[in-house]
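Working notes for the structure below.
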Amino acid sequence: MTDLTREFPVIERARGFRLYGGGGRFVDLWQCGGAALMGHKPANVVRNMKNAAERGLFAPFPNPEAGRFTRVLGRLFPGRTFGVFSSQADVPAYKKLPVWRPFCSKSSELVLKGRAFRPVLPFPLAPAVVVNGKNCVKSFSGGFISPVILAAAARAVYDMLARPERGTMRFNSIKRAFELPETQKNWRLDGIYIYPARSVSTVWPAVFRRFMAGGFLLPPCPDNPIILPDELSKGEESALAGLFCLS
């Protein structure tokens, strides 16, 4: 398939769920595969990152932020143990593990089944995390991670836990679009996530370009779901609903 990341505009700045660059403004429906689920430049995350940086330690030495990050993972996945790694490359089987996404019904089933999985956390620089299966009693780690990264990642997860309403789909025009048989034929709606049917996936470059022309950035690969943002203007909502009806 065409590498659509080559068609991304050069982004000069980002805020909330909007990207600015390439001579225009784009609503981010990719959100870095879910790593920007809570938006770009969230105030609490930026503040925690700055506070950690003020202490002067950027290097990956043992640091107290590791414990804070593990504690918030424990709130997100009670009763489980975790592997925390500086990169995905440290986990040979990482890509083969099923993916857990916040506010997704399939992800809830994954937790109930007690399987090991890799969560998508709401921070683009977050460490690679593996949540162990129920029968695994040992935690494991892939070395030390910068406290600046860990502080920001922990804050992002805390903010997500504090805002369960982020998982509510609240756009009436889009809801109505997904009540149409033709839209349901091409797309599947699961909360704030939208998955393309195979017929749409096979023509993804054309769909990607059509949405981009309308001011919306889709995932570069149809394997990643479209993620609805936390807020849209009335004009953006109407335009997006129309694009789903046309696809």
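The values are calculated or read from the model by the stated rules, or taken from the named source; none is laboratory data. Not measured: the values here are computed from a predicted model. Counting neighbours? That spans all protein chains shown, and the Cβs are built from the backbone with ideal geometry, glycine included.
Restricting 97, 112 to those that are in the same structural domain as residue 71 (by TED's automatic domain parsing), at pLDDT 90 or above, more than 29 Å from residue 16 (Cα to Cα) and out of contact with any helix residue (DSSP H, G or I) (no Cβ under 9 Å at 6 or more places or on another chain) reduces the list to 97.
If you go through the range 169-179 one residue at a time, do you hit one that is acidic (Asp, Glu), without any contact (Cβ under 8 Å) to a residue 60 or more places away in the chain and either buried (at least 18 other Cβ atoms within 10 Å of the Cβ) or assigned by TED's automatic domain parsing to the domain that holds residue 31 (or both)? Scanning the range 169-179 turns up at least one residue that is acidic (Asp, Glu), without any contact (Cβ under 8 Å) to a residue 60 or more places away in the chain and either buried (at least 18 other Cβ atoms within 10 Å of the Cβ) or assigned by TED's automatic domain parsing to the domain that holds residue 31 (or both). Going through (1) in a helix (DSSP H, G or I); (2) farther than 30 Å from residue 236 by Cβ one by one, residue 106 falls short only on (2).
May I ask you to say which residue of 171, 216 is modelled with pLDDT of 95 or more, in contact with an Asp or Glu (Cβ under 6 Å, 6 or more places away or on another chain) and closer than 27 Å to residue 9 by Cβ? Quick ask: steps written out before the conclusion?
Details: 216 fails: in contact with an Asp or Glu (Cβ under 6 Å, 6 or more places away or on another chain).
Criteria check complete, one pass: 171.
Under the condition of being in a helix (DSSP H, G or I) and in contact with a strand residue (DSSP E or B) (Cβ under 7 Å, 6 or more places away or on another chain), which residue from the range 229-242 is surrounded by the fewest Cβ atoms within 10 Å (Cβ to Cβ)? Working first, answer last.
Within the range 229-242, the first condition is being in a helix (DSSP H, G or I), and the residues that meet it are 234-242.
Add one more test, that the residue is in contact with a strand residue (DSSP E or B) (Cβ under 7 Å, 6 or more places away or on another chain), and what stays is 236, 240.
On the way: 236: 20, 240: 24.
Per the criteria, the residue is 236.
A single entry from 66, 36, 53 fulfils the requirement of being of a type outside the set (Val, Ile, Thr) and touching a strand residue (DSSP E or B) at 6+ places or on another chain (Cβ under 7 Å): 36. Among the conditions (1) surrounded by 15 or more Cβ atoms within 10 Å (Cβ to Cβ); (2) over 22 Å from residue 109 (Cα atoms); (3) among the hydroxyl-bearing types (Ser, Thr, Tyr), residue 195 misses just one, which is (2).
Being over 26 Å from residue 207 (Cα atoms), touching a residue at least 60 places away in the same chain (Cβ under 8 Å) and of a type outside the set (A, V, I, L, M, F, W, C) is true for just one of 80, 101, 75. Which residue is that?
The conditions single out 75.
Selection of the range 82-95 for residues being part of a helix (DSSP H, G or I) and more than 18 Å from the chain's Cα centre (by Cα) yields 89, 90.
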